[in-house]
Amino acid sequence: MKIIEVDSYEKMSALAADVIAAQVITKPHAVLGFATGSTPIGTYVALAKKCREDGLDFSDITTFNLDEYCALEISHPQSYYAFMWENLFSHINIKKENVHLPNGMAADIDKECENYEKMIEEAGGVDLQLLGIGHNGHIGFNEPGDSFISATHRVDLTQRTIEANCRFFENDLNKVPKQAITMGIGTIMKAKNILMLIRGEDKLEAMKAMLAKEVHPSCQASVLQYHPNVTVIYTAN
Ligand code: PGA
């Protein structure tokens, strides 16, 4: 794993955008894996600027997002679909048909998971996957557990996550999604390159667990030690 520490969020975002832009320029038909969360927002702003001002061309790029809530309309402002369009896709020249997020409204979620996995494969696999990390070491919605789940699958959100999300859903626990679809650990590990962004000293424990000698599902991100091409950008601020 290559670990780069920078001294500001702006530098992290600029560097991450440069890495993604290099992928887009060297392979205009690349498949990019994107993530939601607060950390990548600056990267998305920087990418939009590169598209607008420098002509970075996303017209042949295909994207797959890591995860999406179940039973939440995509028009809901808290859906990851809405997040991605608001923060990135509306600001770059990507084709709508080339954008993929798991469909959390699918009638048959298990089938949707299978289908998502198949679509990634048929697109040639992910060239560059952007990742964040949770305080508990999760990647996507792969939460700490007894095992690593390989394929795209349905997860029950933990009570802690449901309560933490409550503020985004009118403080009404009943409105908070209880399940999500996430790429599995195997899906993530198949990406040719991985770029992980870690912001804040409060994430240091998770980073330490990720880098600890023992690769263990209690820190799902630790599996990345087995991946040949992982770059981590860390900033304390
Ligand atoms: P954050 O989320 O960027 O909002 O900290 C990261 C994650 O939980 O994967």
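Can you find a residue that is assigned to a helix (DSSP H, G or I) and more than 16 Å from the ligand (Cβ to nearest atom) anywhere in region 59-80? Within region 59-80, none of the residues are assigned to a helix (DSSP H, G or I) and more than 16 Å from the ligand (Cβ to nearest atom).
All conditions in (1) open to solvent by less than 20 Å² (accessible area, probe 1.4 Å); (2) more than 16 Å from the ligand (Cβ to nearest atom); (3) not in a helix (DSSP H, G or I) hold for residue 137, with the sole exception of (2). Looking at 106, 151, can you tell me which residue is in contact (Cβ under 8 Å) with a residue 24 or more places away in the chain and more than 16 Å from the ligand (Cβ to nearest atom)? 151 is the lone residue from the list that is in contact (Cβ under 8 Å) with a residue 24 or more places away in the chain and more than 16 Å from the ligand (Cβ to nearest atom).
Condition check ((1) out of contact with any helix residue (DSSP H, G or I) (no Cβ under 7 Å at 6 or more places or on another chain); (2) buried (at least 21 other Cβ atoms within 10 Å of the Cβ)) across all residues:
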residue: 101; (1), (2): no, yes
residue: 105; (1), (2): yes, no
residue: 116; (1), (2): yes, yes
residue: 167; (1), (2): yes, no
residue: 178; (1), (2): no, no
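Within region 88-134, being among the aromatic types (Phe, Trp, Tyr) and in a strand (DSSP E or B) holds for no residue. When residues in region 39-58 are screened for being within 13 Å of the ligand (Cβ to nearest atom) and free of Cβ contacts under 8 Å to residues at least 40 places away in the same chain, 1 of them pass.
In region 1-37, the qualifying residues are those that are touching a residue at least 40 places away in the same chain (Cβ under 8 Å) and part of a helix (DSSP H, G or I), and the one that is farthest from the chain's Cα centre (by Cα) is 11.
Quick check on my filter: what residues within region 154-165 are within 20 Å of residue 65 (Cα to Cα) and away from the ligand (no atom under 16 Å from the Cβ)?
Quick first cut of region 154-165, residues within 20 Å of residue 65 (Cα to Cα) only: 154-157, 161, 165.
Matches in region 154-165: 154, 156.
The values are calculated or read from the model by the stated rules, or taken from the named source; none is laboratory data. Given the structure is predicted, the values throughout are model-derived calculations rather than measurements. Note: ideal-geometry Cβ built from the backbone for every residue, glycine included; neighbour counts use all protein chains shown. The area values use the complete protein model at the heavy-atom level, side chains included, leaving out ligands, DNA and RNA. Shrake-Rupley method; radii C 1.70, N 1.55, O 1.52, S 1.80 Å.
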